[in-house]
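First up is the structure itself, then whatever we jot down about it.
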Amino acid sequence: MFCPLCELEKEVKYLGGYRSRHQTFASKDLYQCLDCELIFVHPMPTSAELDWYYKNVWIKDEATVSTSKETEIVYQIQSEERLKYLSQHIDLSKVMKVLDIGSGFGYLFDAFERHGVKRDAFYATDPSPENLERLKAKGSKAFSDLKEIKERDFDLVTLCYVLEHINEPYKFMLSVMDYVRGGGYIFLDLPERDDTFKPVLEPHVAVYSVASLRKLADKLGLEVIHLTGYGTKRSKLIEQGRPRRNILSRLINAASIRLEKFRRKNTVNRLYRQYEFGCEGADRWWIRAVLKKK
């Protein structure tokens, strides 16, 4: 079968049916490439189908995209953690121009601004018209499509919760590299093997592990500055070998029971410990990586 990372016909292993709700992802299966280890959807949705889905379905589906106050706190913590992680592996004082691809609600923009990055130095893309309006209101230079951006000299390009949505990862990452100056960096943050614990995998079309992400970096010729799993151990997210029901909402709801009894600081600390944002290692909830363009 054709592997979208290897871009060759490869031997694959059938993993089971793809868990979805919307017709865009109906009657599909999951396979794993035995070479690069990427797990991917087959038949793969086309770029046009995915573009329509994100503009018309995804942002309006609260079962997939939670907009609760508790979720907002989690995303804010995660954005700060991303910046902290970047500062450990990059000299951020030399990062003058940032491109955030798939910026969503703009939490990473907020984090960078709090740490001194100027608004006119932060560019963002997102396919959702609603998110674009939010980003522009914040002061970011926001675009609906990467191709609309003419600059090719970014010090740092960030992709958080993006790569798992891409149906042609190698070609996509090659295009991303065009926006990074020589010696610049790419930051990736994405779920690790979420097929093992998410009750509905939609709209993720690719599932990564540390191993498959490293193989993608090697294929692209990017230097791996740092690459690791982080967050809660996946064993905690799996109950008796079965996916837990809406694990993100369950964790958030459990934390929110006592929300009114604590000040925000205590809530943030408790959520930080609950999601284990500061823990790195194997078989975690997420993967993050700093890659350098040679």
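With a cut-off of 20 Å, note down the residues of the stretch 9-36 whose backbone N falls inside the zone around a label point 7 Å from the Cα of T46 toward its beta carbon.
Of the residues in the stretch 9-36, 22-29 have backbone N under 20 Å from the label point off T46.
Compute the distance in nm between two label points, each set 7 Å from the Cα along the Cα-to-Cβ direction, one at E11 and one at E276.
Taking the two extended label points, one gets 3.4 nm.
Rounded, prolate or oblate: which fits the chain, taking a ≥ b ≥ c as square roots of the Cα gyration tensor eigenvalues, rounded meaning a/c under 1.5, else prolate when a/b beats b/c?
Numbers: a/c = 1.36, a/b = 1.04, b/c = 1.31.
Rounded.
Give the separation of the Cα centroids, the stretch 30-47 to the stretch 132-147, in Å.
Spelled out, the Cα-based centre of one part sits 31 Å from the other.
Just subtract the alpha-carbon distance of K141 and K171 from 0.36 nm times their residue separation and send over the number in nm, one decimal. Walk me through the numbers before you get to the answer.
Working: separation 30, 0.36 × 30 = 10.80 nm, distance 2.46 nm.
Result for the pair: 8.3 nm of gain on full extension.
Please list, by residue number, every one of the GluC sites (Glu not before Pro) in the stretch 1-50 that is coil in DSSP and has at most 16 other beta-carbon atoms within 10 Å. Don't skip to the answer; put the middle values down first.
Values: sites: E7, E9, E11, E37, E49; in loops: E7, E11, E37.
Taking the stretch 1-50 and a limit of 16 other Cβ atoms within 10 Å, the loop GluC sites (Glu not before Pro) found are E7, E11.
Based on DSSP loop calls and a cut-off of at most 16 other Cβ atoms within 10 Å, the longest stretch of the chain free of exposed chymotrypsin sites (Phe, Trp or Tyr not before Pro) is what?
Values: sites that count: Y161, F262.
Of all site-free stretches, the longest is 1-160.
Calculate the dipole size of the stretch 8-158 relative to its Cα centre from +1 charges on Lys and Arg beta carbons and -1 charges on Asp and Glu beta carbons; express the result in debye to the nearest 20. Walk me through the intermediate numbers first.
Working: 22 positive and 26 negative charges, 60 e Å.
Result for the stretch 8-158 is approximately 280 debye, rounded to the nearest 20.
Note down the magnitude of the dipole of the chain about its Cα centre, charges +1 on Lys and Arg C-beta and -1 on Asp and Glu C-beta and zero elsewhere, to the nearest 20 debye.
Working: 48 positive and 42 negative charges, 224 e Å.
Dipole magnitude for the chain comes out near 1080 debye.
Assuming 0.36 nm per residue, please report the length gained on full extension of the stretch D218 to K69 beyond their Cα-Cα distance.
Length gained between D218 and K69: 49.7 nm.
Give me the distance in nm between label points sitting 7 Å out from Cα along the Cα-to-Cβ direction at D283 and Q76, one decimal.
Placing both labels 7 Å along Cα→Cβ, they lie 3.5 nm apart.
Can you work out the Karplus-derived ³J(HN,Hα) for every residue in the stretch 10-21? Use 6.51 cos²θ - 1.76 cosθ + 1.60 with θ = phi - 60°, whole Hz, and x for glycine or proline.
Karplus values, whole Hz, x for Gly and Pro: 9, 6, 10, 10, 6, 9, x, x, 7, 8, 9, 10.
How much length is gained on full extension from D110 to Q23, taking 0.36 nm per residue of separation minus their Cα-Cα distance? Can you show the working numbers first?
Working: separation 87, 0.36 × 87 = 31.32 nm, distance 3.48 nm.
Working it through step by step, the gained length comes to 27.8 nm.
Quick check for you: which residues of the stretch 10-28 have the amide N under 15 Å from the point 7 Å beyond the Cα of D35 toward its beta carbon?
Inside the label zone: 10-13.
Using a cut-off of 19 Å between alpha-carbon atoms, which lysines can reach K136, once sequence neighbours fewer than 8 places away in the same chain are excluded?
Within reach: K55, K97, K118, K147, K150.
Using a Gaussian network model of the chain with C-alpha springs under 10 Å, which one of D218, D195, D100 is most mobile by mean-square fluctuation?
Checking each option, the largest mean-square fluctuation is seen for D218.
Cut-off 12 Å, label point 7 angstrom out along Cα-to-Cβ of R119: give me the residues of the stretch 139-156 whose amide nitrogen falls inside.
Zone members listed by number: 139-142.
Bear in mind that the values in this text are calculations on the coordinates, not laboratory data. Since the model is a prediction, treat every value here as computed from it, not as a measurement. We place every Cβ from the backbone using ideal geometry, glycine too, and count neighbours over all the protein chains shown.
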